Amino acid sequence: MSEKAEGKMKEAYGAMVGDEGKKAEGQAQQRKAAAKEEKEQLQRTKAEQEQAKQAERSRRQQERKNKGGLLGNL
């Protein structure tokens with residue numbers, strides 16, 4: 001079970017039985033899970049951006065090689 005789901009269950013349980021501490025604990029657990037998900041998404045985004053930069057560098061390098069090859073044949 002995900003941490004976010006556990007937090008929701010704790011919050012619901014706390015609300016149902018009137019335990020504000022358990023309710024707050026569940027809310028905090030949900031915020032923690034959301035922050036973790038956001039951090040992981042940022043890491044994936046950075047990795048994708050780096051891959052895109054590398055692909056662009058490779059494309060430019062190949063383009064330069066292709067132009068050089070054409071000029072050398074003239």
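Nearest 10 degrees, 0 to 90: what angle lies between the long axis of helix 3-17 and the longest principal axis of the chain (Cα atoms)?
20 degrees
Where does the chain land at 222 nm, in deg cm²/dmol rounded to the nearest 500, when only DSSP H runs of n ≥ 4 count, each adding -39500 (n - 2.57), divided by all residues? Present the calculation step by step, with values, prior to reporting the outcome.
Working: 2 runs with 68 residues, N = 74.
Result for the chain, helices only: -33500 deg cm²/dmol.
Which residue, chosen from 16, 41, 54, occupies the Cα position most advanced towards the positive end of the dipole of the chain, where the dipole is computed from +1 (Lys, Arg) and -1 (Asp, Glu) charges on Cβ about the Cα centre?
Comparing the listed Cα positions along the dipole, 54 ranks first.
Please give the direction-averaged projected area of the C-alpha convex hull for the chain, in square nanometres with one decimal. Write out the running numbers ahead of the final one.
Values: hull surface 23.9 nm².
Over all viewing directions, the chain projects a mean Cα-hull area of 6.0 nm².
For residue 2, project a label point 7 Å along Cα to C-beta. Then give me every residue of segment 39-66 with its amide nitrogen under 18 Å of that point.
Taking a point 7 Å out along Cα→Cβ of residue 2, the residues of segment 39-66 whose backbone N falls under 18 Å are 39-45.
Roughly what angle does helix 20-72 make with the longest principal axis of the chain, taking Cα atoms, 0 to 90 degrees, to the nearest 10?
The angle comes out near 0 degrees.
What net charge do the residues around residue 27 carry, taking every other residue with its C-beta under 13 Å from that of residue 27, with Lys and Arg at +1 and Asp and Glu at -1?
Local charge sum for residue 27: +1.
The numbers here are math on the coordinates, done by the rules we state, and not lab data. Note that the structure is predicted; figures quoted are calculated from it, not measured. Glycine also receives a Cβ, built like all others from the backbone with ideal geometry; neighbour counts cover every protein chain displayed.
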